[in-house]
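Data first, discussion second: the structure below is written as structure tokens.
The values are calculated or read from the model by the stated rules, or taken from the named source; none is laboratory data. Everything numeric in this text was worked out from a predicted model, so none of it was measured. Please note: Cβ atoms are built from the backbone with ideal geometry, for glycine as well, and neighbour counts cover all protein chains shown. We work out accessible area using only protein heavy atoms, side chains counted, and drop any ligands, DNA or RNA first. Shrake-Rupley method; radii C 1.70, N 1.55, O 1.52, S 1.80 Å.
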Amino acid sequence: KFNRSWSRTRANYNLFKAFLPLPSWEEAISRKEELNLSTQFMLQEGNLAWANSYLETHELSMKPFVCVHPGSMAKNKYRRWKQEYFVDIIGMLKQNYPYRIIVIAGPDELDVGEYISAKTGALLLTEKSLAHVAALISQCSFFINTDSGIGHIASCFRVLSLTIFGPGDEKQTAPFSPNSHIIRYETDCAPCVGKKKQHCEVECLSKLKPEIVFAKVTELLASLE
């Protein structure tokens, strides 16, 4: 039976356990490395070659860089953190760290990516295959995103990352990696996962100010030093 307190990873594992001789979820997690339960994204040599070429072109080979994904698919726009907040957080990163910033924008959020890139001077990556994007993410030092599928790709490579949650339920859909972290602003009505209250102003995201997120970013980046 579906349990809202379970991650979808756990729910899917239990489906397999129904007809395969698998250990309990608790035992599986305790033996996660031994059992190779981490999620994976399979890259081809051509994907990595493209990523290396991109980094060389932008003089980023062997240099630390941060990837930022500010969007989500069009139907989930209500889950997005404000683009102005992303401008602020990138400004804070550039002021306090030597990282170059690459903004990743798919077709559904191209306008957001262009806005943030224009405001911050960050590189903009768009119109690339998902595998090329994944190859680039696999080599970044830190990844920050709104609640979207790209965060799960970062978790496949165990990239240190921070996902901003609002209406979505992180208990079910948080990226499955010990290096993947989440942040949210606690409100009485979130998560709502699409069942927003009438006249919802998405306070779970609007009240999560850049200063709050940057404090968490600083904490996480300290682990890289």
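Key figures
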item: Hey, residue 47 open to solvent by 50 Å² or more (accessible area, probe 1.4 Å), part of a helix (DSSP H, G or I) and not hydrophobic (A, V, I, L, M, F, W, C) or not; result: no
item: Segment 56-79, residues that are over 17 Å from residue 124 (Cα atoms) and surrounded by 19 or more Cβ atoms within 10 Å (Cβ to Cβ); result: 79
item: Qualifying residue in segment 96-116 (condition: open to solvent by less than 30 Å² (accessible area, probe 1.4 Å), in a loop (DSSP other than H, G, I, E, B), closer than 19 Å to residue 39 by Cβ and in contact with a strand residue (DSSP E or B) (Cβ under 7 Å, 6 or more places away or on another chain)); result: no
item: Among (1) in contact with a Phe, Trp or Tyr (Cβ under 8 Å, 6 or more places away or on another chain); (2) open to solvent by 30 Å² or more (accessible area, probe 1.4 Å); (3) modelled with pLDDT under 95 - the single one residue 153 does not satisfy; result: (2)
item: Tally of residues being in a helix (DSSP H, G or I) and either in contact with a Leu (Cβ under 8 Å, 6 or more places away or on another chain) or open to solvent by less than 70 Å² (accessible area, probe 1.4 Å) (or both) across segment 117-128; result: 2
item: Selection status of residue 33, of a type outside the set (A, V, I, L, M, F, W, C), out of contact with any Gly (no Cβ under 9 Å at 6 or more places or on another chain) and either assigned to a loop (DSSP other than H, G, I, E, B) or open to solvent by 100 Å² or more (accessible area, probe 1.4 Å) (or both); result: yes
